[in-house]
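See below for the structure under consideration.
The values are calculated or read from the model by the stated rules, or taken from the named source; none is laboratory data. Only a predicted model underlies this, so the values are computations on that prediction, with no experimental measurement involved. Quick reminder, even Gly has a Cβ in these numbers, built from the backbone with ideal geometry, and neighbours come from all protein chains shown. These accessible areas exclude ligands, DNA and RNA; they are computed on the full protein's heavy atoms, side chains included. Shrake-Rupley method; radii C 1.70, N 1.55, O 1.52, S 1.80 Å.
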Amino acid sequence: MSLLSVVLPSYNEEQNIANTAGVLAQVLKEAGIDYELIFVSDGSRDATYQEILKAAEKDPRVKGAEFSRNFGKEASIFAGLQLACGDAVVVMDCDLQHPPQVIPQMWKLWQEGYEVVEGIKTSRGRESLAHKLSAGLFYSVMSKLIKMDMNASSDYKLLDRKVVDVLTALPEKNTFFRALTFWAGFRTASVEYEVQERLYGVSKWSMWSLMKYAVSNVTSFSTLPLQLVTGMGIVSILFSLALGAQTLVKYLSGTAVEGFTTVILLVLIIGGFIMVSLGIIGHYIARIYEEVKGRPKFIISRVTDNVDGNATGSWGRR
Ligand code: UDP
Ligand code: MG
């Protein structure tokens with residue numbers, strides 16, 4: 001019988017673990033799916049890992065790992081993928097905002113031969129207007145950049161073993177899981193779901209962390225901002241050609257002295273362009289630097305007894 005692994009990144013979710021494990025167990029048992037639950041505690045500062053241990057005691061199909069510090073949701077997803085033994089793997093939030101009732105649908109599509117089943121949000125749940133607008137902007141930019149429609153896409157998906165192996169073998173450290181499954185291709189289906197309210201605890205994303213997330217994801221998927229630098233260069237060259245012509249004409253006609261304003265404006269504009277360009281280039285150099293150092297995406301500090309030690313690779317190699 002095929003095994004389904006459910007990967008649940010968890011950061012400071014002590015209030016959610018037991019409930020989520022229970023709900024998932026019930027849904028999956030009812031659907032007759034053989035499963036394992038993999039909770040990856042992302043360096044939580046509360047009792048998340050203790051809760052995972054408790055859940056594992058109750059249900060041996062619960063497995064868990066703890067990071068040595070907070071590495072971010074991407075890292076915990078990838079750690080979960082690496083630890084998963086299933087023939088198919090579902091990734092979902094552990095706050096039950098991704099309704100588990102959708103998993104049997106995803107499973108059915110997988111059995112029909114689909115290798116990626118994307119969870120598509122029908123509504124974004126309750127969010128502030130600013131959040132909605134910035135998320136809308138981010139997704140339309142991302143969709144253009146990777147030339148795939150990822151509006152309403154989320155981290156809630158089912159992946160076939162093949163896809164999981166492809167993703168975990170990627171050498172890059174700065175990953176964007178949501179878009180990588182689009183990038184990977186494979187036979188894809190989608191199911192719709194409605195984002196649920198968070199039952200316990202609070203969202204772990206601040207506006208600032210979302211902004212950092214957006215910039216890091218755009219630059220990990222596209223070099224368009226670098227080409228923007230060339231664009232700015234071309235614009236300022238055209239500009240300076242026009243001004244140069246004007247200056248020459250003035251010089252030749254003997255009225256060349258004034259022009260102080262022009263000089264100041266030019267210095268400011270070009271200076272601004274150069275600064276922005278250096279910033280963009282610097283950002284990419286930083287990304288190259290990070291990748292070249294080759295540090296692991298995450299460091300696992302402990303795992304529950306039922307996790308096969310080899311599954312982690314040598315500790316945190318990836
Ligand atoms: N999460 C994580 N590491 C982090 C932040 C969040 O593993 O640094 C997990 C979190 O525990 C949850 C999921 O990612 O299971 C989504 O986070 P959250 O619910 O806070 O985000 P939102 O649903 O508000 O987008
Ligand atoms: Mg949530």
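Structure above, values below:
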read-out	value
Breaking point among (1) under 14 Å from the mean Cα position of the chain (by Cα); (2) at pLDDT below 80; (3) under 21 Å from Glu290 (Cβ atoms), for Phe138	(3)
Complete set of residues in the range 1-15 that are in a strand (DSSP E or B) and farther than 20 Å from Ala47 by Cβ	Leu3, Leu4, Ser5, Val6, Val7
Number of the condition not met by Glu51 [criteria: (1) surrounded by fewer than 23 Cβ atoms within 10 Å (Cβ to Cβ); (2) away from ligand 2 (no atom under 16 Å from the Cβ)]	(1)
Among (1) touching a helix residue (DSSP H, G or I) at 6+ places or on another chain (Cβ under 9 Å); (2) open to solvent by 70 Å² or more (accessible area, probe 1.4 Å); (3) within 13 Å of ligand 1 (Cβ to nearest atom) - the single one Tyr213 does not satisfy	(2)
Criterion violated by Thr219 - all others in (1) open to solvent by less than 60 Å² (accessible area, probe 1.4 Å); (2) within 16 Å of ligand 1 (Cβ to nearest atom) satisfied	(2)
Only one of Ala25, Ala18, Ala79 that is part of a helix (DSSP H, G or I), within 13 Å of ligand 1 (Cβ to nearest atom) and on the phi < 0 side of the Ramachandran plot	Ala79
Flag if Ser203 is assigned to a strand (DSSP E or B), open to solvent by 60 Å² or more (accessible area, probe 1.4 Å) and among the polar types (S, T, N, Q)	no
Output for the range 85-135, where each listed residue is of a type in the set (Gly, Ala, Ser), farther than 19 Å from Val7 by Cα and not in a helix (DSSP H, G or I)	Gly113, Ser123, Gly125, Ser128
Subset of the range 4-21 (residues that are open to solvent by 40 Å² or more (accessible area, probe 1.4 Å) and away from ligand 2 (no atom under 13 Å from the Cβ))	Glu14, Ala18, Asn19
Residue, nearest to Asn217 (Cα to Cα), within the range 40-76, restricted to residues that are in a helix (DSSP H, G or I) and among the hydrophobic types (A, V, I, L, M, F, W, C)	Ala75
Pick from the range 273-294, criterion under 24 Å from Glu66 (Cα atoms) and at pLDDT below 85, ranking: nearest to the chain's Cα centre (by Cα)	Glu290
Residue ID - surrounded by the fewest Cβ atoms within 10 Å (Cβ to Cβ), chosen from residues in the range 58-79 that are small (Gly, Ala, Ser) and within 16 Å of ligand 2 (Cβ to nearest atom)	Gly72
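A quick yes/no check of all residues on (1) closer than 25 Å to Ser134 by Cβ; (2) within 16 Å of ligand 1 (Cβ to nearest atom):
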residue: Ala184; (1), (2): no, no
residue: Glu197; (1), (2): yes, yes
residue: Met207; (1), (2): yes, yes
residue: Pro225; (1), (2): yes, no
residue: Leu228; (1), (2): yes, no
residue: Leu252; (1), (2): no, no
residue: Gly272; (1), (2): yes, no
residue: Val276; (1), (2): yes, no
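Condition check ((1) of a type in the set (Phe, Trp, Tyr); (2) touching a residue at least 60 places away in the same chain (Cβ under 8 Å); (3) open to solvent by 60 Å² or more (accessible area, probe 1.4 Å)) across all residues:
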site	(1), (2), (3)
Cys85	no, yes, yes
Gln101	no, yes, yes
Leu129	no, no, yes
Ser153	no, no, no
Arg161	no, yes, yes
Ala184	no, yes, no
